[in-house]
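Step one of this worksheet: look at the structure below.
The values are calculated or read from the model by the stated rules, or taken from the named source; none is laboratory data. These numbers come from a predicted model, not from an experiment. Heads up, the Cβs are rebuilt from the backbone with ideal geometry, glycines too, and the neighbour counts pull from every protein chain shown.
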Amino acid sequence: MNAMKNRRLRRWIYYIAGSVVFLGVFYTFLFAGTDDYKVKLPILSDVKPFRFADQAGDTITERNLLGKVCVVNFFFTTCRGICPRMNDNMKTQVFEPFKSDSDFVVVSHTVNPETDTVARMKRYADSLGVNDPKHWLFLTGAKAALYEAARSSYLLDDESHNKQKIDDQFIHTQLFALVDKDGRVRGIYDGLKQEELLKLQRDIRSLLKEPPNSSQSHFVNGMFNNNPS
């Protein structure tokens, strides 16, 4: 009797094990050559509408960036603290590895627009050797709008800091935001930490493989035509 029970138990074990193997092989073939089996990056926020000027004096809005994977940061040109190291990392470990990809752009905003005019942002881009508006934008505009973007769109500063008067506020952060082709923030990274920069590189590659949402496709064409519809 016990021997019969043991045989039945073994048959069930073989059946379950065989089913698991079959399903494993099935899904391996189903997703072979795709990234569908990978865990997707979370959606942290949506980029809100904005209108700023780049280092060439052209108007850039959120529509110009749809269809592109963007890495976003905030800095000021007279900074002698974290900004030079942060932007050097942005240049060597983000901009240069991806600058040949037409679907990628770095977007750097000033937090001190009173000083960082269009002309000054252009000189700063020239000094870094990265004055390439198709792949690295340096944006300036109204301080309140810049700070609103940093906080509510890119999550690079605490919303609670918005309680004081705008003239008394100052954002100083080494954080980078990664934005997908549909204008959604998918990750936040410390721009001064090597391990986070390496993760950022991996995540950029992942998002570059993701197609944009078809419902947004009418915004994608003419990335830098400076004439958003």
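Of 37, 15, which residue is in contact with a helix residue (DSSP H, G or I) (Cβ under 6 Å, 6 or more places away or on another chain), at pLDDT below 65 and surrounded by fewer than 16 Cβ atoms within 10 Å (Cβ to Cβ)?
Working: 15 fails: in contact with a helix residue (DSSP H, G or I) (Cβ under 6 Å, 6 or more places away or on another chain).
Answer to the selection: 37.
Within 14 Å of residue 200 (Cβ to Cβ) and among the basic types (Lys, Arg): which single residue out of 68, 91 fits that description? Spell out the reasoning first.
On the way: 68 fails: within 14 Å of residue 200 (Cβ to Cβ).
When all the criteria are applied, what remains is 91.
For the range 151-186, name all the residues that are modelled with pLDDT of 95 or more, surrounded by fewer than 23 Cβ atoms within 10 Å (Cβ to Cβ) and among the hydrophobic types (A, V, I, L, M, F, W, C). Matches in the range 151-186: 155, 156, 175, 185.
When the residues of the range 195-225 are filtered to those that are in a helix (DSSP H, G or I) and under 11 Å from residue 182 (Cα atoms), which remaining residue is modelled with the lowest pLDDT?
Taking the range 195-225 as the starting set, the residues that turn out to be in a helix (DSSP H, G or I) are 195-209, 214-219.
Subset that is under 11 Å from residue 182 (Cα atoms): 207, 214-217, 219.
Working: 207: 98, 214: 53, 215: 53, 216: 48, 217: 40, 219: 37.
My answer is 219.
The set of residues in the range 151-172 that are outside any loop (DSSP other than H, G, I, E, B), within 20 Å of residue 190 (Cα to Cα) and either within 19 Å of the chain's Cα centre (by Cα) or touching a residue at least 12 places away in the same chain (Cβ under 8 Å) (or both) comprises 151, 152, 153. If you go through the range 110-131 and keep only what is touching a Lys or Arg at 6+ places or on another chain (Cβ under 7 Å) and free of Cβ contacts under 8 Å to residues at least 60 places away in the same chain, you end up with 113, 128, 130. Scanning the range 123-150 for residues that are part of a helix (DSSP H, G or I) and surrounded by fewer than 20 Cβ atoms within 10 Å (Cβ to Cβ) yields 123, 126, 127, 128, 143, 144, 145, 148. Among residues of the range 50-66 that are touching a residue at least 60 places away in the same chain (Cβ under 8 Å), those with a Cβ under 8 angstrom from a residue that is of a type in the set (Gly, Ala, Ser) and in a loop (DSSP other than H, G, I, E, B), sequence gap 6+ or separate chain, pair up as 50/141; 51/141; 52/141; 53/141; 62/183; 63/229; 65/183; 66/183.
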